[in-house]
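Single-structure report; data block below.
The values are calculated or read from the model by the stated rules, or taken from the named source; none is laboratory data. Everything numeric in this text was worked out from a predicted model, so none of it was measured. Here the Cβ positions follow ideal geometry from the backbone for every residue, glycine too, while neighbour counts run over all protein chains shown.
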Amino acid sequence: MRELKETALESEVLYEGRLIGLRRDKVRLPDGRTSTREAVVHPGAVAIVPLLDDGRVILVTQYRHAVGKILMEIPAGTLHPNEVAEECAQRELREETGYTAGKLEHLTSIYLAPGYSTELLHVFLATSLNPAPGEMDEDEFVEPLAIPLEEAISQISEGKIQDAKTVAALLLVWQKQKAGTKP
């Protein structure tokens with residue numbers, strides 16, 4: 001296999017915001033030519049599939065300004081500086097659903113859009129849930145909703161769940177259950 005790696009030659013920060021940054025890099029391509037790459041710089045995030053003992057998952061509905069829609073999603077949030085992913089998962093679960101997990105299982109870590117973003121998402125399954133009210137971020141408005149996992153899977157097929165992290169995580173948990181390794 002030929003070399004595919006690109007080498008960064010220069011890097012320029014174009015924007016630094018509260019949540020993301022934007023960087024432009026000059027790179028050397030594998031064939032020696034140069035090109036420009038732009039990257040959204042993100043600190044990383046977590047997403048949680050909260051599974052109740054009765055088989056229902058807790059989703060949240062939230063207005064997403066970037067797409068101009070209310071979406072149904074699994075709870076998720078951005079890592080704080082030096083925050084461990086498991087701690088972030090418990091914090092976001094408490095803030096968005098009012099529960100903590102007695103058991104938190106790391107399912108996978110995935111890049112959401114590696115063509116233009118550095119964001120790495122750590123996906124967890126939360127079980128043995130216990131009520132633990134938390135405070136949401138002051139600019140966050142979410143509405144929790146518990147539905148059977150099978151119904152959530154149907155809503156993916158019907159196009160009612162359109163959020164990529166939610167689709168991937170729910171299908172992963174559903175596959176895990178179908179394989180007999182019940183969470």
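Assorted remarks:
Residue by residue, here is whether (1) modelled with pLDDT under 95; (2) of a type in the set (A, V, I, L, M); (3) in a helix (DSSP H, G or I); (4) within 21 Å of Leu79 (Cβ to Cβ) holds:
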site: Gly102; (1), (2), (3), (4): no, no, no, no
site: Leu107; (1), (2), (3), (4): no, yes, no, yes
site: Phe124; (1), (2), (3), (4): no, no, no, yes
site: Thr127; (1), (2), (3), (4): no, no, no, no
site: Glu135; (1), (2), (3), (4): yes, no, no, yes
site: Glu143; (1), (2), (3), (4): yes, no, no, no
site: Ala152; (1), (2), (3), (4): no, yes, yes, no
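- The numbered conditions (1) out of contact with any Gly (no Cβ under 6 Å at 6 or more places or on another chain); (2) hydrophobic (A, V, I, L, M, F, W, C); (3) surrounded by 15 or more Cβ atoms within 10 Å (Cβ to Cβ) are all true for Val41 except (1).
- From Glu151, Glu92, Glu140, Glu105, residue being closer than 15 Å to Ala45 by Cα and either of a type outside the set (Gly, Ala, Ser) or out of contact with any helix residue (DSSP H, G or I) (no Cβ under 9 Å at 6 or more places or on another chain) (or both): Glu92
- Flag set for Val27, criterion: hydrophobic (A, V, I, L, M, F, W, C), without any contact (Cβ under 8 Å) to a residue 40 or more places away in the chain and either assigned to a strand (DSSP E or B) or closer than 14 Å to Gly115 by Cα (or both).
- Every residue from segment 59-75 that is in contact (Cβ under 8 Å) with a residue 12 or more places away in the chain and closer than 30 Å to Glu6 by Cβ: none
To keep it simple, each residue is scored yes or no on (1) surrounded by 11 or more Cβ atoms within 10 Å (Cβ to Cβ); (2) over 20 Å from Arg64 (Cβ atoms); (3) aliphatic (A, V, I, L, M).
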{"site": "Glu119", "(1), (2), (3)": "yes, no, no"}
{"site": "Thr127", "(1), (2), (3)": "yes, yes, no"}
{"site": "Asn130", "(1), (2), (3)": "no, yes, no"}
{"site": "Val142", "(1), (2), (3)": "yes, no, yes"}
{"site": "Pro148", "(1), (2), (3)": "yes, yes, no"}
{"site": "Ile153", "(1), (2), (3)": "yes, yes, yes"}
{"site": "Lys165", "(1), (2), (3)": "yes, no, no"}
{"site": "Lys176", "(1), (2), (3)": "yes, yes, no"}
{"site": "Ala179", "(1), (2), (3)": "no, yes, yes"}
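- Put simply, of Glu73, Glu95 the only residue that is among the acidic types (Asp, Glu), surrounded by 12 or more Cβ atoms within 10 Å (Cβ to Cβ) and within 14 Å of Lys165 (Cα to Cα) is Glu73.
- Among the residues of segment 30-58, those that are of a type outside the set (Val, Ile, Thr), touching a residue at least 12 places away in the same chain (Cβ under 8 Å) and in contact with a Pro (Cβ under 9 Å, 6 or more places away or on another chain) comprise Pro43, Ala47, Pro50, Leu51, Gly55, Arg56.
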